[in-house]
Amino acid sequence: MNLTSLILENFGRFENFNCSLTSGLNVIKGGNEAGKSTLVAAISALLYGDPKTSDKKIMMSKTWGSEKPLVIKANISDKDFSGVIEKDFDSGKIKFNDQKNDIAIEDKNKIFKIITDSMGFRTVELFEATSCIKQCEITQIGNSVEEIK
């Protein structure tokens, strides 16, 4: 599955954030407290978070002091679908507008199946362990090409 854009509204330090991503490896670089881990958490919440539950970890990510809803949107695509997924964690709404197949899906279980079938990861823990390399893990790898392999 390709994630080609990410929009965050009131997620962590990002009141209004928009970025484009490319297929393949995307490197997120920045100083301490720049929001690198927040972006990983937002992508995890987008793919695996259930907006109809009050997941404390996600709700604690809401921008402090904001009255606006916590919303994550992204353009996603695969060989079988292409469109926009949106999760509103305040209202509990989830929507996937599959533009390739001209359908709108609001059933969280169907959307979750589409994502996990495409990704191949059934849990957020597996996704984060295999798809994300965190700064502390890079320093443990060192400079050895053999260690990276």
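Which chymotrypsin sites (Phe, Trp or Tyr not before Pro) in the range 50-132 pass both tests, a DSSP loop state and at most 10 other beta-carbon atoms within 10 Å?
Trp64
How large is the charge dipole for the chain, taken about the Cα centre, if only the Cβ atoms of Lys, Arg (+1) and Asp, Glu (-1) carry charge, to the nearest 20 debye?
So the magnitude is around 120 debye.
Could you identify which residue out of Asn18, Asn32, Asn75 has the top mean-square fluctuation in a GNM of the chain using Cα springs shorter than 10 Å?
Looking only at Asn18, Asn32, Asn75, the biggest GNM fluctuation is shown by Asn32.
Using the structure shown, select from Lys29/Lys68; Lys29/Lys110; Lys36/Lys87; Lys57/Lys100; Lys29/Lys52; Lys68/Lys108 the pairs with a Cα to Cα distance greater than 26 angstrom.
From the list (Lys29/Lys68; Lys29/Lys110; Lys36/Lys87; Lys57/Lys100; Lys29/Lys52; Lys68/Lys108), the Cα-Cα distance tops 26 Å for Lys29/Lys68; Lys29/Lys110; Lys57/Lys100; Lys29/Lys52.
Compare the Cα positions of Ala74, Leu126, Ile7 along the charge dipole of the range 1-128 (+1 at Cβ of Lys, Arg; -1 at Cβ of Asp, Glu; about the Cα centre) and return the one farthest towards the positive end.
Ranked along the dipole, the leading option is Leu126.
With the chain treated as a Gaussian network of Cα nodes joined by springs under 10 Å, which of Ile85, Ile111, Ile28 yields the largest mean-square fluctuation?
Among Ile85, Ile111, Ile28, the largest mean-square fluctuation in the Gaussian network model of the chain belongs to Ile28.
Counting only GluC sites (Glu not before Pro) that are in a DSSP loop and have at most 13 other C-beta atoms within 10 Å, tell me the longest site-free stretch of the chain.
The answer is 107-149.
With each pseudo-label sitting 7 Å past Cα toward Cβ, what's the Lys29-Thr130 distance in nm, one decimal?
2.8 nm
For Ala104 and Arg13 in the same chain, what is the full-extension length gain: residue separation times 0.36 nm, less their Cα-Cα distance, in nm?
Full extension of this stretch gives 29.7 nm more.
Let me make sure I get this right: for the range 41-83, a, b and c are the square roots of the gyration tensor eigenvalues over alpha carbons, sorted descending. Under 1.5 in a/c it's rounded, otherwise prolate if a/b > b/c, else oblate. Which is it?
prolate
Read-outs throughout are calculated quantities, based only on the coordinates presented, and are distinct from any laboratory measurement. Just so you know, these numbers come straight off a predicted model, no measurement behind them. FYI the Cβ positions are ideal-geometry reconstructions off the backbone, even for glycines, and counts take in every protein chain you see.
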